[in-house]
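The values are calculated or read from the model by the stated rules, or taken from the named source; none is laboratory data. Being a predicted model, the structure only gives us computed values, none of them experimental. Note: ideal-geometry Cβ built from the backbone for every residue, glycine included; neighbour counts use all protein chains shown.
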Amino acid sequence: MSRLLINRRKLLAGGPLIPLAASSLAQVKPPNVAIASSNGLRACARAMEILKAGGDTLDAAIAGVNINEEDPEDNSVGYGGLPNEDGIVELDASVMHGPTRRAGAVAALRGIKTPSKVARLVMEQTDHIMLVGEGALRFAKAHGFKEEELLTEKSRLAWLVWKSSLKDSRGRSNWGPGLDAPPAPQKIGELRRIFPGVDERTLAWAWEVATHPPLGTINCLTLNSKGEMSGVTTTSGLAWKIPGRVGDSPIIGAGLFVDQDVGAAGSTGRGEENIRVAGAHTVVENMRRGMHPREAVLDALKRVSRNFNDDLQRLSAISLNFYALRRDGAYAAASLWDRSSPQAKPAQFAACTDGAASRLEPMAWLYQRR
Ligand code: GLY
């Protein structure tokens with residue numbers, strides 16, 4: 001069971017608690033800071049190298065998330081991301097550049113490993129904000145991007161396991177052994193038979209993602225000592241989605257929002273719920289009204305909860321996280337639930353500040369799983 005508990009215990013975690021009116025934020029000389037979702041430890045470290053060398057804040061954020069986009073082991077982003085229901089990887093990404101106040105995005109982009117770079121090109125080389133699908137791919141290829149197969153052996157296996165997990169009311173699946181096959185043991189045993197040669201760990205992982213479609217994503221927000229800020233959010237979206245489904249990541253104001261007079265915000269998790277509260281924009285506007293990043297992200301989560309009449313039973317199926325970085329260097333992240341399951345570790349996010357190593361820090365949370 002779950003019960004409603006607003007987390008106050010970790011009030012001081014996630015950066016200094018500096019109560020500042022939005023109008024005085026611009027007076028502060030900030031430190032270099034990069035924060036990201038929990039899969040962004042390397043991304044934050046890479047971004048910090050660029051910030052410290054005096055590089056542009058968007059260059060830093062994009063270089064950071066490129067690590068995940070190109071990593072076949074990150075199954076939530078770019079190459080190796082879990083595919084749509086047809087077994088095709090479709091990627092969404094957005095970027096915002098604080099100094100120029102510009103934005104770019106791509107959605108349902110196939111065949112390009114680094115959608116964040118394409119989103120940046122949309123921002124820089126077009127009069128548009130977002131390109132989708134076939135048009136986005138043609139645009140990327142016109143700018144020299146190589147079209148590649150983004151499905152890895154591992155993500156293909158997970159997709160096949162998902163296909164074979166779909167049963168009719170009699171428990172039959174066209175994607176499993178036929179009626180003439182000997183009776184099959186359940187779950188992992190059945191998979192062992194369908195996929196001989198695949199190790200137990202990979203099969204267990206494939207079963208887990210087949211039955212609990214994950215929504216991983218990376219969001220990375222950056223601030224430099226000049227007070228410039230940028231952000232990027234990039235994802236392969238909901239595993240097994242209907243082809244053409246677009247989540248929150250490429251939606252400016254939902255998956256990402258930056259106004260460097262105030263701060264930046266981003267999100268990971270179930271995009272459908274974030275879009276309904278325009279989450280990243282809400283978080284930045286909360287900070288503009290004087291909320292600390294921690295209050296700002298928790299308030300956005302409360303709006304999501306309100307959309308379900310605070311029904312914890314229904315909310316228990318939702319995973320959603322917000323990240324906030326303020327213009328003065330204060331930052332925080334919060335999750336709807338303290339952990340993804342009662343057995344899981346508490347939710348964390350990645351952060352890297354001047355002079356310190358990239359590290360995982362505890363997230364605030366709205367509700368606690370019991
Ligand atoms: N937040 C990622 C998605 O919903 O696609």
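Listed here are the residues, each with its yes/no results for (1) within 13 Å of the ligand (Cβ to nearest atom); (2) basic (Lys, Arg); (3) not in a loop (DSSP other than H, G, I, E, B).
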| residue | (1), (2), (3) |
| --- | --- |
| Val77 | yes, no, no |
| Gly80 | no, no, no |
| Ser94 | yes, no, yes |
| Thr100 | no, no, no |
| Ala103 | no, no, yes |
| Ala108 | yes, no, yes |
| Lys113 | no, yes, no |
| Arg120 | no, yes, yes |
| Asp127 | no, no, no |
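So, in the range 324-343, how many residues would count as being over 18 Å from the mean Cα position of the chain (by Cα) and more than 30 Å from Lys29 (Cα to Cα)?
In the first step, residues of the range 324-343 are kept if they are over 18 Å from the mean Cα position of the chain (by Cα); the result is 326-330, 341-343.
After this cut, where a residue has to be more than 30 Å from Lys29 (Cα to Cα) as well, the list is 341-343.
Count: 3.
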message: Any residue that is more than 17 Å from Met363 (Cβ to Cβ) and free of Cβ contacts under 8 Å to residues at least 24 places away in the same chain - is there at least one of those in the range 253-260?
response: no
message: Take Ala61 and tell me if it is buried (at least 24 other Cβ atoms within 10 Å of the Cβ) and assigned to a helix (DSSP H, G or I).
response: yes
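Might you let me know whether the range 165-173 holds any residue that is in contact (Cβ under 8 Å) with a residue 60 or more places away in the chain, out of contact with any strand residue (DSSP E or B) (no Cβ under 7 Å at 6 or more places or on another chain), within 26 Å of Glu208 (Cβ to Cβ) and in a helix (DSSP H, G or I)? Even if it seems obvious, please write down each step before you answer.
Going through the range 165-173, the residues in contact (Cβ under 8 Å) with a residue 60 or more places away in the chain turn out to be none.
No, every residue in the range 165-173 fails to be in contact (Cβ under 8 Å) with a residue 60 or more places away in the chain, out of contact with any strand residue (DSSP E or B) (no Cβ under 7 Å at 6 or more places or on another chain), within 26 Å of Glu208 (Cβ to Cβ) and in a helix (DSSP H, G or I).
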- request: Taking only the range 29-38 into account, find how many residues are surrounded by fewer than 22 Cβ atoms within 10 Å (Cβ to Cβ) and not hydroxyl-bearing (Ser, Thr, Tyr).
  value: 3
task: Using the structure shown, decide if Gly87 is closer than 20 Å to Gly40 by Cβ and either polar (S, T, N, Q) or at pLDDT 95 or above (or both).
output: no
Checklist (1) crowded, with 19+ Cβ neighbours inside 10 Å; (2) modelled with pLDDT under 75 applied to Pro177, failing item: (1)
